[in-house]
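One structure, as structure tokens, below. Some questions next.
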Amino acid sequence: MARGIESRVEGVEAVPLLRVSDSDARLTRRLTLILLAVSVVSLLLALLSVGAATTALIGERRTEIGLFLALGYTGRRVGAFLAAELIAAALLAGALGEIAGELAAGRLAERILGVGAGGGAALTWSGFAAAALAATLVVGSSLLMALRRIERLDAARVLRGE
């Protein structure tokens, strides 16, 4: 095809862009794998840190939880109260993370691939939905562990200060 173009148009040298396309595809694959690995590590660290924070929250609010249990609330009901608080915070954090991530991805694409001039964020509803889902899963898994701890609490012992 390149020879055909060169023979028809005088003074033009046609070079196939296959090598450039293959190079861009390899770079994109490598970047995708690196970002996937970073995402997995970040998710594991988020699970650990949110789990530790939730456990600390249960310890700090032990008296309040004991009072709820003494008033007849079930462990699941108390867990639902805590879940509502934590999931609201998680959704806000997920939205802020989506915005920051899109800004960073736009700048990374501009620097490495030379696309997306301006480094603007490509905010989409699906991105916000994915961030909300990830935040809810992280908080939900830590709440499952905390719920077991809440159900083991004895209201009388907690209120006596033991």
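Which of the numbered conditions does Glu110 fail, given that it passes all the others? Conditions: (1) surrounded by 15 or more Cβ atoms within 10 Å (Cβ to Cβ); (2) not in a helix (DSSP H, G or I).
(2)
Counting residues that are out of contact with any His (no Cβ under 9 Å at 6 or more places or on another chain), open to solvent by less than 80 Å² (accessible area, probe 1.4 Å) and hydroxyl-bearing (Ser, Thr, Tyr), which helices (runs of 4 or more DSSP H) fully inside region 1-72 reach at least 3?
18-60
So which residues in region 1-51 are under 30 Å from Ala109 (Cα atoms), polar (S, T, N, Q) and without any contact (Cβ under 8 Å) to a residue 60 or more places away in the chain, if there are any at all?
Ser21, Ser23, Thr32, Ser39, Ser42, Ser49
When you go through Thr54, Thr63 one by one, which is the residue that is hydroxyl-bearing (Ser, Thr, Tyr), in contact with a helix residue (DSSP H, G or I) (Cβ under 8 Å, 6 or more places away or on another chain), within 19 Å of Ala135 (Cα to Cα) and in contact (Cβ under 8 Å) with a residue 12 or more places away in the chain?
Thr54
The values are calculated or read from the model by the stated rules, or taken from the named source; none is laboratory data. Note that the structure is predicted; figures quoted are calculated from it, not measured. Quick reminder, even Gly has a Cβ in these numbers, built from the backbone with ideal geometry, and neighbours come from all protein chains shown. Remember, those area values only see protein heavy atoms, side chains included, never the ligands or the DNA or RNA. Shrake-Rupley method; radii C 1.70, N 1.55, O 1.52, S 1.80 Å.
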